[in-house]
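Input: a single structure, listed below in structure tokens.
Bear in mind that the values in this text are calculations on the coordinates, not laboratory data. In this text, all values refer to a predicted model and were calculated from it rather than measured experimentally. Because the Cβ atoms are built from the backbone with ideal geometry, glycine has one as well, and the counts that use them run over all protein chains shown.
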């Protein structure tokens, strides 16, 4: 998935709902979004964007089984990190709303956005208002979230770190215990980034969970 990076492009999220209400909000927290046992011997980190179709496919087709088998059982610590893909302003808005919803509802919001991705491209305002309402947010709260400049700045800093420190160039991207899954043979097939199957994840994790 080709990506757009940088403060100028993502800053468009500030004006996405500019006609809806006053500025302000609380999306600026830099807390790591994670699931599972933080003391697990294996950590899987995913970089994803809510406007990336490949990320949505992974979320819908692979992640539920991965979570049930490895995360919910305490075998794997899963970390989700945000990235921006076109339209970057919409992706940024989605992440800001998820952050504002709170850590306990963050993944529910991300999942809802992925499942509404086709609609999101055409009506981001309507989709985010609906999803926000589903987790107890008012339209005014959603608007303030998206217009939170501090939250947007923090998001851009996380994306810049992904590019400069972690060498992330597209989504979805994965690391296992800090090692990027790229150019590896997993489950009899060569994995070169992007979508990953459950069989390939099994192949990557099996040697580390013995």
Which one is nearest to residue 43 (Cα to Cα) among residues in the range 166-187 that are touching a helix residue (DSSP H, G or I) at 6+ places or on another chain (Cβ under 8 Å) and in a loop (DSSP other than H, G, I, E, B)? 177
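Per-residue answers, yes or no, for (1) surrounded by 14 or more Cβ atoms within 10 Å (Cβ to Cβ); (2) more than 18 Å from residue 34 (Cβ to Cβ); (3) touching a strand residue (DSSP E or B) at 6+ places or on another chain (Cβ under 6 Å):
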residue: 97; (1), (2), (3): yes, yes, no
residue: 119; (1), (2), (3): no, yes, no
residue: 122; (1), (2), (3): no, yes, no
residue: 138; (1), (2), (3): no, yes, no
residue: 147; (1), (2), (3): yes, yes, no
residue: 173; (1), (2), (3): yes, no, yes
residue: 191; (1), (2), (3): yes, yes, yes
residue: 201; (1), (2), (3): yes, no, no
With respect to the numbered conditions (1) buried (at least 22 other Cβ atoms within 10 Å of the Cβ); (2) within 15 Å of the chain's Cα centre (by Cα); (3) in contact (Cβ under 8 Å) with a residue 40 or more places away in the chain; (4) within 27 Å of residue 202 (Cα to Cα), which one is the sole condition not fulfilled by residue 107? (1)
All positions within the range 71-95 that are buried (at least 24 other Cβ atoms within 10 Å of the Cβ) and in a helix (DSSP H, G or I): 88, 90, 91, 92, 93, 94, 95
Checking residue 170 against (1) within 18 Å of residue 82 (Cα to Cα); (2) more than 19 Å from the chain's Cα centre (by Cα), only one condition comes out false. Which one? (2)
